[in-house]
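Below is one structure; the comments refer to it alone.
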Amino acid sequence: MTNVLTALKSNRTKIWVGAVTLLLVFYLVVSLQRSVLLMSDPNLVAKAIGVAYLVLPVIGGWALVRELLFGARTERMAKVLEAEGGLPEDTLPRTPAGRIIREAADREFEKYRVEAEAAPEDWRSWFRLSCAYDAAGDRKRARASMRDAVRLFRTGAPQA
């Protein structure tokens, strides 16, 4: 029983991702079914709504696959960096509530920005820069940097 609880705690994020994915897949299947029903209706307005409604599961399925692949690739890169000892250490000071102190994150960010500028073809530097953006609270740039890291990782760009 202890092993099961330990496994659940260590895989909590994956369990939530799986649950949300199942809910989204259920929604997409129901949406697809409803769009087919509307398209089979003799009323032209219902057919048009059915065709328009068909777009939702297509876009939703594409977004789901894209996000799951992004997460899997990011996890794979993190495992490689962890094995190499290249993951950035989480030594930033925190507030009593557990939030990273922004000024400290901004100072730490500069180190990783310089590293990424010095090695723009190394996915490792972009991965670490993404972590620094995330710690500094800039989620949009963190995601963009991680996309760059994934692209470089997948293309097998030369590493430093």
Consider the stretch 1-31. How many of its residues are surrounded by 10 or more Cβ atoms within 10 Å (Cβ to Cβ) and not in a helix (DSSP H, G or I)?
1
Filter the stretch 32-67 for residues that are out of contact with any Phe, Trp or Tyr (no Cβ under 7 Å at 6 or more places or on another chain) and either touching a residue at least 60 places away in the same chain (Cβ under 8 Å) or of a type in the set (Gly, Ala, Ser) (or both) and give the result.
Ser40, Ala46, Ala48, Gly50, Ala52, Gly60, Gly61, Ala63
Of Ala136, Ala118, Ala132, which residue is exposed (fewer than 13 other Cβ atoms within 10 Å of the Cβ), in the same structural domain as Val150 (by TED's automatic domain parsing) and under 30 Å from Thr155 (Cβ atoms)?
Ala118
Can you tell me how many residues within the stretch 106-160 are over 18 Å from Leu92 (Cα atoms) and not small (Gly, Ala, Ser)?
23
If we keep only residues of the stretch 32-46 that are among the small types (Gly, Ala, Ser) and assigned to a helix (DSSP H, G or I), then the residue surrounded by the most Cβ atoms within 10 Å (Cβ to Cβ) is Ser35
Can you tell me which residue among Ala104, Ala119, Ala78 is touching a helix residue (DSSP H, G or I) at 6+ places or on another chain (Cβ under 8 Å), in contact (Cβ under 8 Å) with a residue 12 or more places away in the chain, over 28 Å from Asn11 (Cβ atoms) and not acidic (Asp, Glu)?
Ala119
Hey, could you check the stretch 47-62 for residues that are within 20 Å of the chain's Cα centre (by Cα) and either modelled with pLDDT of 95 or more or surrounded by fewer than 12 Cβ atoms within 10 Å (Cβ to Cβ) (or both) and say which is nearest to Ile15 (Cα to Cα)?
Trp62
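Please pick out the residue among Ala132, Ala142 that is closer than 24 Å to Phe70 by Cβ, touching a residue at least 40 places away in the same chain (Cβ under 8 Å) and not basic (Lys, Arg). Reasoning before the result, please.
Values: Ala142 fails: touching a residue at least 40 places away in the same chain (Cβ under 8 Å).
Criteria check complete, one pass: Ala132.
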When every residue in the stretch 83-102 that is among the acidic types (Asp, Glu) and closer than 13 Å to Ala132 by Cα is compared, the one surrounded by the fewest Cβ atoms within 10 Å (Cβ to Cβ) is Glu89
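The values are calculated or read from the model by the stated rules, or taken from the named source; none is laboratory data. The model shown is predicted, which means the values in this text are computed figures rather than measured ones. Neighbour counts are summed over all protein chains in view; Cβ atoms, including those assigned to glycine, are modelled from backbone coordinates with ideal geometry.
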